[in-house]
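Chemist: Take this structure first; my questions come after.
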Amino acid sequence: MTGTLTAPDHATAERIKAAVVPGRTAVWIERDRVIWWGGIIWTTALGSTTRGAPAKAEIQAGTFDSYLDHRLLAADLTAKDEDQFDLVRRLVGFARSSEGGDIGIRLGTARSGVTRTRKYSRYDLSKLRELLDKLAGVENGFEWRIRCYRTDAGERVKELQLGHPRIATSRGRAETVLDFPGPVMSYRFPYDATTRATHWQSRGATNSTTNRPLMSTPLHITGAIDAGWPRLDGTSDYTTITTKRALDEHAAADLTEAWTRATVPEITVNLEAAHLTPAILGATIRLRIADVWTTAGVGRYRVVGFTVRAPERGQPETATLTLDAATHSAIGNDGS
């Protein structure tokens with residue numbers, strides 16, 4: 001989140017400097033008593049403007065999960081056939097248990113039904129958010145975020161939200177239909193094959209005896225070569241992964257990502273005309289496009305990003321939605 005605070009006089013400037021302390025100040029964005037966003041201010045820039053205009057302070061903030069980017073796992077942690085959601089809560093719980101580390105994140109009790117075996121060493125000095133993202137990104141993984149909302153009693157809540165395989169939306173099952181032309185003001189479908197892959201193999205930790213890295217099972221996208229694609233190889237490194245099962249899970253997830261991320265669509269909508277709120281995050285929409293590129297373009301996409309832009313003179317308030325494919329391709333095994 002980015003924003004600008006104006007300081008027309010010394011008194012206002014002093015209040016801003018006292019209230020906005022990067023790394024310490026939280027910011028909440030509300031509309032009609034509904035929380036749209038919550039996070040931590042990480043940077044500020046005080047500056048002057050042209051003569052006659054007030055001074056300003058530009059701020060940048062990240063969602064509350066960005067706090068875990070600033071916390072290290074400073075203890076050994078082992079999990080054996082443990083539900084992956086329980087492992088997530090143990091990692092976040094470590095952050096909460098340290099002095100000064102409890103920023104009020106509620107953990108919950110949900111289970112995924114998927115077990116993981118992991119061994120983390122304090123000597124790796126791993127960031128907690130990085131560990132969570134890697135755990136979530138394996139085959140049959142999950143989604144996670146810090147959800148912000150207000151209770152009926154008026155309390156503002158920061159809650160660890162987990163979903164397997166995806167976080168469920170609070171909007172219900174009915175799909176939102178968005179049209180271009182219409183509430184959709186513009187769209188962008190960038191296609192990029194520089195990171196695309198049809199085949200994949202990952203490397204893990206190095207064996208101290210053989211001095212060779214652990215290798216995952218070679219994987220491929222079923223049907224890609226028969227469909228006319230050339231072979232495109234990809235690889236990834238996980239220097240702390242010591243078991244082949246865990247490494248194979250990472251490799252499968254990485255190949256899926258490399259194959260399906262050929263495009264990350266974005267659409268810009270008129271917020272009032274589309275009647276959207278951040279509750280659309282995680283929901284599946286139907287996008288209908290009629291222009292020179294397609295006369296009957298209908299696709300189903302999942303909303304994975306929601307960025308609001310304040311209205312400018314003569315322009316409506318808009319939101320940019322980042323979309324993801326609703327389905328994924330099958331992965332085959334090349335053998336070891």
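Chemist: Looking at 195, 117, can you tell me which residue is in contact with an Asp or Glu (Cβ under 8 Å, 6 or more places away or on another chain) and of a type in the set (S, T, N, Q)?
Modeler: After ruling out the rest, the residue left standing is 117.
Chemist: Looking only at the range 126-136, which residues are within 17 Å of residue 237 (Cβ to Cβ) and either of a type in the set (A, V, I, L, M, F, W, C) or over 15 Å from the mean Cα position of the chain (by Cα) (or both)?
Modeler: If the condition is that a residue be within 17 Å of residue 237 (Cβ to Cβ) and either of a type in the set (A, V, I, L, M, F, W, C) or over 15 Å from the mean Cα position of the chain (by Cα) (or both), then 126, 127, 131, 135 are the ones that fit.
Chemist: Tell me which residues, restricted to the range 204-257, are in contact with a Phe, Trp or Tyr (Cβ under 6 Å, 6 or more places away or on another chain) and assigned to a strand (DSSP E or B).
Modeler: Within the range 204-257, 204, 219, 221, 234 qualify.
Chemist: Restricted to the range 289-319, and to residues that are among the hydrophobic types (A, V, I, L, M, F, W, C), surrounded by 11 or more Cβ atoms within 10 Å (Cβ to Cβ) and over 21 Å from the mean Cα position of the chain (by Cα), which residue is modelled with the lowest pLDDT?
Modeler: Per the stated criteria, the residue is 298.
Chemist: Restricting the first residue to the range 61-90 and requiring it to be touching a residue at least 12 places away in the same chain (Cβ under 8 Å), which pairs with a second residue that is among the aromatic types (Phe, Trp, Tyr) and buried (at least 16 other Cβ atoms within 10 Å of the Cβ) meet a Cβ separation below 6 Å and a spacing of at least six or different chains?
Modeler: 62/42; 73/120; 77/120
Chemist: Tell me which residues, restricted to the range 116-168, are polar (S, T, N, Q) and buried (at least 17 other Cβ atoms within 10 Å of the Cβ).
Modeler: 126, 161
Chemist: Hey, among the residues in the range 183-195 that are outside any strand (DSSP E or B) and either among the aromatic types (Phe, Trp, Tyr) or at pLDDT 95 or above (or both), which one's nearest to residue 260 (Cα to Cα)?
Modeler: Per the criteria, the residue is 189.
Chemist: A follow-up question, please. Tell me whether the range 82-104 contains one or more residues that are touching a Phe, Trp or Tyr at 6+ places or on another chain (Cβ under 6 Å), charged (D, E, K, R) and more than 24 Å from residue 2 (Cα to Cα).
Modeler: There is no residue in the range 82-104 that is touching a Phe, Trp or Tyr at 6+ places or on another chain (Cβ under 6 Å), charged (D, E, K, R) and more than 24 Å from residue 2 (Cα to Cα).
Chemist: Take the residues in the range 232-257 that are among the aliphatic types (A, V, I, L, M) and buried (at least 21 other Cβ atoms within 10 Å of the Cβ), then tell me which one is nearest to the chain's Cα centre (by Cα).
Modeler: 253
Chemist: Spot the failing condition for residue 106; the list is (1) surrounded by 14 or more Cβ atoms within 10 Å (Cβ to Cβ); (2) within 20 Å of the chain's Cα centre (by Cα), and only one is missed.
Modeler: Here residue 106 meets the rest and fails (1).
Chemist: Does the range 28-41 include one or more residues that are among the basic types (Lys, Arg), touching a residue at least 40 places away in the same chain (Cβ under 8 Å) and in contact with a helix residue (DSSP H, G or I) (Cβ under 9 Å, 6 or more places away or on another chain)?
Modeler: So far as the range 28-41 goes, no, none of its residues is among the basic types (Lys, Arg), touching a residue at least 40 places away in the same chain (Cβ under 8 Å) and in contact with a helix residue (DSSP H, G or I) (Cβ under 9 Å, 6 or more places away or on another chain).
Chemist: Looking at the range 18-27, can you tell me whether even one residue there is more than 24 Å from the chain's Cα centre (by Cα), farther than 21 Å from residue 146 by Cβ and in a strand (DSSP E or B)?
Modeler: No: the range 18-27 contains no residue that is more than 24 Å from the chain's Cα centre (by Cα), farther than 21 Å from residue 146 by Cβ and in a strand (DSSP E or B).
The values are calculated or read from the model by the stated rules, or taken from the named source; none is laboratory data. Just so it is clear, the structure is predicted and the values come from calculations on it, not from any experiment. Counting neighbours? That spans all protein chains shown, and the Cβs are built from the backbone with ideal geometry, glycine included.
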